[in-house]
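Okay, so here's the structure we're looking at.
The values are calculated or read from the model by the stated rules, or taken from the named source; none is laboratory data. Since the structure is predicted, the reported quantities are computational estimates derived from the model, not experimental observations. Reconstructed Cβ throughout: ideal geometry from the backbone, glycine too, with neighbour counts over all protein chains shown. Accessible surface areas use protein heavy atoms only, side chains included; no ligands, DNA or RNA. Shrake-Rupley method; radii C 1.70, N 1.55, O 1.52, S 1.80 Å.
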Amino acid sequence: MASLLGRFCRKLVVPGSAHGSRMISTTACDSEAVKSLNLYSAINQALHIALETDPRSYVFGEDVGFGGVFRCTTGLAERFGKNRVFNTPLCEQGIVGFGIGLAAMGNRAVVEIQFADYIYPAFDQIVNEAAKFRYRSGNQFNCGGLTIRAPYGAVGHGGHYHSQSPEAFFCHVPGIKVVIPRSPREAKGLLLSSIRDPNPVVFFEPKWLYRQAVEEVPEHDYMIPLSQAEVIREGNDITLVGWGAQLTVMEQACLDAEKVLDFIFQLKDNWFKVSNMGLELIMQEGISCELIDLKTLLPWDKETVEASVKKTGRLLISHEAPVTGGFGAEISATILERCFLKLEAPVSRVCGLDTPFPLVFEPFYMPTKNKASSSSSLSSPLKKKRHYLIMGLHVWCRYWMQSSPLLITSHSICFFR
């Protein structure tokens, strides 16, 4: 997984001054100090930087004082003191409400919700307070310094109260941003951007990758721009769109789809009276996939996805959340409006099932690479290529029958199966 995720980062942003940022490429970081980190360690490093660079930043939530259940806040209280890193009561509504008030006073409040499944008691505070704070005051007041961190998604054994993906609920709310990273390097840069963004941000962290995803992460302070999708794999036949941990699954589906199938047929010289070496016909067939990571779901980068779909003519969207009402439906509707005349097949969605997140049946619920590979959008380019291949073989066979006195043998009949 480390090698799979290590190729994903394209551009980073590091603070340039108090009024702007400057872009650097990944190659520019090669000479900088880097360290192999998993995702939770990258989150921890980002929080260290945020607290160190801004004396008015605070981190709080359930059990964060001793490191949190996933150890993302380890060492913060010891270094920055319990006045800036502290535990809260088990009351998500109160945690977020306190964060809104702290941010409204010009501070940076980094709130941790222990699991995304527990964020619903704070829904009113996020939707009716944080998201509308600036709008209802005519921009006189705001709580843009609020960042809400929450581990989301499957973990292999979490069941229905520790595995949910609630990002679509918040993507319906103007006034906040929704960000989901896919790897350690992305997590650090996107979290720092979220903390420093002038708007409230809900930052979902794929807990499946907390320890599984490992890659080289720059140790210095850098940011990755929000609302800029990234083409992490270029292709021509189909566009795949996802975010978070699902990018790893989709990358594996792309690799399977692009495998070249070699069909080698030895046509003996006693069939066609050619050279002793015979004639070898090799058909190479595969699907060229373009993979896009949205990174930011609200507001999302429509232009990057639109440009890709206009090139490929096909779109497949995949996420862990249930298919009905998932954010994939919004992407599908938008692309249908913008790219209708360019589409060669219906938009496909490979998502979680419309059931509560199961326990022992989790493998059946998850949108796996096999489900993605067998979807209609991903299989239709292959059928089109086979259609053209069969047409070509038919023309070639008719030419051969007219030019050769030999009849079709059982061996040549196998040629068309």
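Okay, here's what the table says:
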item: Full-stretch length increase - Gln93, Lys310 - with 0.36 nm per residue and alpha-carbon distance subtracted; result: 73.8 nm
item: Listed residue (Thr334, Met366, Gly313) projecting farthest to the positive dipole end of region 303-379, Cβ model; result: Gly313
item: Full-stretch length increase - Arg56, Leu341 - with 0.36 nm per residue and alpha-carbon distance subtracted; result: 97.5 nm
item: Peptides 81-94, 43-56 ordered by average Cβ neighbours within 10 Å, highest first; result: 43-56, 81-94
item: Local electrostatic count at Asn38 - Lys and Arg +1, Asp and Glu -1, tallied over other residues with Cβ under 9 Å; result: 0
item: Built amide H within the under 5 Å cut-off of Arg233, gap 5+; result: Leu291
item: Förster radius 25 Å - calculated FRET efficiency between Thr368 and Glu258 (Cβ-Cβ, nearest 0.05); result: 0.90
item: Nitroxide proxy distance, nm - points 7 Å out along Cα→Cβ at Thr334 and Asp124; result: 3.1 nm
item: From phi via Karplus (6.51, -1.76, 1.60), per-residue ³J(HN,Hα) for region 241-246 in Hz, x at Gly/Pro; result: 10, x, 7, x, 5, 5
item: Solvent-accessible surface (1.4 angstrom probe) belonging to Val305, in square angstrom, nearest 10; result: 0 Å²
item: Accessible area per residue, Å², region 173-255 with all protein chains present, probe 1.4 Å; result: 24 Å²
item: For region 156-209 versus region 37-77, the gap between their alpha-carbon centres in whole angstrom; result: 16 Å
item: For Arg149, distant residues with modelled amide H under 5 Å away; result: Val111, Glu112, Ile113, Phe203
item: Dipole moment magnitude, nearest 20 debye, region 97-207 about Cα centre, only Lys, Arg, Asp, Glu C-beta charged; result: 340 debye
item: Spacing of the two label points (7 Å from each Cα toward its C-beta) at Ser36 and Arg136, in nm; result: 5.1 nm
item: ³J(HN,Hα), Karplus 6.51/-1.76/1.60, whole Hz, each residue of region 366-372, x for Gly, Pro; result: 5, x, 7, 5, 5, 5, 5
item: Placed amide H near Val34: partners under 5 Å, 5+ positions off or other chain; result: Glu219
item: With DNA, RNA and ligands ignored, accessible area of Lys35 (1.4 Å probe; Å², nearest 10); result: 100 Å²
